[in-house]
Every structure is written in structure tokens, then in C-alpha cells.
Amino acid sequence: MNNLVKVALLLVGFGNVGQRFVTLLEESRAALTALGIEPVIVGVLTKRHGGVLDEAGLDTTRLAQLVAGGGAIGSASVPSALEWFARLRSQGIEARVLVETTTLDIRSGEPAISHVRAGFSGGAHVITANKGPAAFAHRALAAEAAAAGVEFLFEGAVMDGIPIFNLVRETLPAVDIRGFRGVVNSTTNVILTALERGEPFGPTLAAMQAAGVAEADPSLDVDGWDAAAKAAALANVLLGANTTPLRVAREGVSEATGERARRARAEGRRLKLVASGTGRGTNARVGVALQVLPLDDPLAILDGQANALELDTWPTGRIVITQRDGGLEKTAYALLADLVAVCQRARKRQP
């Protein structure tokens, strides 16, 4: 393709999602080339394994092997993404997109928020799969991105690669989003499915952790924090709220939830952990709660890792989007889709 454009990427965080993203880039190389995009990873910065730069592009397969073995990938002397951008510029490297995949801190949304701002300061577009920035600081970050003339996208923050934010942004112009509700945490849905069958809580959670689906700190899932962060992000973006997960009314699941799940099933209904939001702006009400749903409810049919979100809209009515299975490649795809969107928007702005 004659107008193939190289896009330099700086990765902040290189865990499971970051590593799956770089392999997906290779697997999607032909499709990206057809779109005129040639991604080149020029830097990787991690908290535990150090960081490395190479203007010509990094061998991410080798880096992944080093990380898997617990080894360092490079120098540990650059402590922040902001300083990393300064170092990139000093070497004449123009990183156009920062890809942020660090671990969520449910108390503050950091360090992801600072990484996003470092990207803006470095003149880079930012894409992230981290819930923190949208859940804690969406309004401020969106304004800062606009002022800097860069993009800030985060499709992977909720429901992996299913296009929730993109659906509204790109395909529902002038639609009023009046509310949402959904099953948005895979771990608790698997647990509830198991509990209603009489299976024990502990081993089910352990199996989810072993599969890499549940968080290493299970309280983020079972105490409803992950769902609260996603609900806050949805409310901030879709309802114009300015909330945080700490202000979201929250309920979780435990061994004791099993009796409620089995009773609901015996009555021809199902117990689900539902994230919801209604109202607009400062009047938005956001919560995560166990709800008993009739079997014909689109959220009641969800088994295992399936998720779904229902949008209450005007004038298009209720729209339901469902993800029947999860996986790292779905979240990685959200990053890839955001990368394509960034490149396409940048191309449209060119004279």
C-alpha cells in the first residue's frame, strides 16, 4: 500500500493483556497493512521488569519470554512515563501512541491516570484497557486530550473487545442515553452459575484465578469493585456523570449467596450481579447489586463468562449487546480497534 504509515507505540505495562496485544498486532499485520497502518513498538516500560527503547522496533517475543521468566527487560532507571517520553524525544524517537495496560488501583485509578497525562504531555494519543482513567477522571482527561489535540480511547475498559463506547460514539449520533444495566464481571457470573448448581464457592473462585480470569486479589471481583469501576466508567462516559467507584453503591457475592441463587433458580428465576446507572450528570444514580431476574430477561440467560449490557436510549429504545465468551484476545482486540480509530482520525485531520 503506497500510503502505509508507521505508527510508533510506547507500551506502559507488559502483563498478560499487553503481551497478548503485541502478538495480536502480528496476527493482524495483513489487515493493518490493508488499512495503511504499520505499528512499530519503540518502547516498553514496566514497574517490575524495567524498560527498554529502540527506535527501530523491539523484539516483543523475546521481551515476553524475559518477563515470563521473571527477568528484567532493560534499564530500571526511568521511573515514570513522563520521563520516558522525555528520553524518547532526546533520542529523536516520536512515540505517537501510548498503550496503557497497567493494573487497576481501585482506590485512586493510579498510576494509570498519570500515565495517560504523560502521554498527553508527550504529544501522544492514548489508548488503554485500564478502567481507572475513565472510572475516576474521564471528564478531566477528555478535556485535557482535546486541549492537547490528541485522542483518548478506552474501549477495553468494559466488556473486553465488545464495542460499547464506540457503538455510542460512532453509530448513535444525537441519541439520548437514559440509562444502562448489565452483567459486566465474568468472575462473579461464573460463581453465581456454579452456586445455583450447588457447587462450592471457594474452588470455583480458585479455578477462575488459575485460569487468569479472576484477579489475583479476588476481592476486586467478589466484593463488586470491578463491576463498580465499570459502572462508574459507563456512567461518566454515557451519562455525563463525574463519579468514581468509591461512590458507587456496591454489593458482591460470597458463599452465603448460594442459598439466594438456588432459591431463585427453584422459583424459575436467576440471581445476577447487575451494574446499573440512570439519570444524567450530577443526578446520575449508579450501583452494583444482586438482582433476581425473570428467565426472559436478557441478563438472566447469561451463563459462565458471558456478559451483556442493555442501554436505555431515546429514540432507539432498549439496545442489548452480549458477549458470550471472554478472553485476553478480546481485550487485546479492543486496544487494536482503538489504535485503528486513532490512526484513521489522525489521517482525516491531515490537510
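State the number of residues belonging to the range 27-44 that are at pLDDT 90 or above, of a type in the set (A, V, I, L, M, F, W, C) and either closer than 18 Å to Thr102 by Cα or touching a Leu at 6+ places or on another chain (Cβ under 8 Å) (or both).
Matching residues across the range 27-44 total 5.
Answer yes or no as to whether Gly224 is in contact with a Phe, Trp or Tyr (Cβ under 9 Å, 6 or more places away or on another chain), among the small types (Gly, Ala, Ser) and touching a residue at least 60 places away in the same chain (Cβ under 8 Å).
It is false that Gly224 is in contact with a Phe, Trp or Tyr (Cβ under 9 Å, 6 or more places away or on another chain), among the small types (Gly, Ala, Ser) and touching a residue at least 60 places away in the same chain (Cβ under 8 Å).
May I ask you to list the residues in the range 8-32 that are crowded, with 22+ Cβ neighbours inside 10 Å and either touching a Gly at 6+ places or on another chain (Cβ under 7 Å) or not assigned by TED's automatic domain parsing to the domain that holds Gly123 (or both)?
Listed by number, the residues that qualify are Leu10, Leu11.
Here are the criteria: (1) within 21 Å of the chain's Cα centre (by Cα); (2) touching a residue at least 40 places away in the same chain (Cβ under 8 Å); (3) assigned to a loop (DSSP other than H, G, I, E, B). Tell me which single one Ser254 does not satisfy.
Tallying (1) within 21 Å of the chain's Cα centre (by Cα); (2) touching a residue at least 40 places away in the same chain (Cβ under 8 Å); (3) assigned to a loop (DSSP other than H, G, I, E, B), Ser254 fails exactly one: (1).
Taking the stated definitions as given, is Lys330 modelled with pLDDT under 95 and not aliphatic (A, V, I, L, M)?
Here the answer is yes, as Lys330 does meet what is asked.
Taking the range 1-42, which residues are over 21 Å from the mean Cα position of the chain (by Cα) and β-branched (Val, Ile, Thr)?
Listed by number, the residues that qualify are Val5, Val7, Thr33, Ile37, Val40, Val42.
Applying the selection to the range 219-229, what residues are of a type outside the set (Phe, Trp, Tyr) and surrounded by 15 or more Cβ atoms within 10 Å (Cβ to Cβ)?
Correct list: Leu220, Asp221, Val222, Asp223, Gly224, Asp226, Ala227, Ala228, Ala229.
Give all pairs with beta carbons closer than 8 Å in which a residue from the range 333-348 that is surrounded by fewer than 21 Cβ atoms within 10 Å (Cβ to Cβ) meets a residue that is assigned to a helix (DSSP H, G or I); count only pairs at least 6 apart in sequence or on separate chains.
Listed pairs, sorted by first residue: Ala337/Glu155; Ala337/Asn166; Val340/Leu32; Ala341/Asn166.
Among the strands (runs of 3 or more DSSP E) lying completely within the range 88-189, list those that include at least 3 residues that are within 15 Å of the chain's Cα centre (by Cα) and surrounded by fewer than 16 Cβ atoms within 10 Å (Cβ to Cβ).
Fully inside the range 88-189 and qualifying: nothing.
For the condition in contact with a Gly (Cβ under 7 Å, 6 or more places away or on another chain), assigned by TED's automatic domain parsing to the domain that holds Val184, surrounded by fewer than 17 Cβ atoms within 10 Å (Cβ to Cβ) and not small (Gly, Ala, Ser), what is the one hit in Arg318, Arg285?
It is Arg285.
What do you reckon, is Phe201 at pLDDT 90 or above and in the same structural domain as Ala341 (by TED's automatic domain parsing)?
No.
Given the conditions (1) within 22 Å of Val274 (Cβ to Cβ); (2) without any contact (Cβ under 8 Å) to a residue 12 or more places away in the chain; (3) of a type in the set (Val, Ile, Thr), which single one is not true for Thr171?
(1)
Output the number of residues of the range 78-104 satisfying the condition of being over 16 Å from Val40 (Cβ atoms) and modelled with pLDDT of 90 or more.
Adding up the residues that qualify gives 3.
The values are calculated or read from the model by the stated rules, or taken from the named source; none is laboratory data. Not measured: the values here are computed from a predicted model. Quick reminder, even Gly has a Cβ in these numbers, built from the backbone with ideal geometry, and neighbours come from all protein chains shown.
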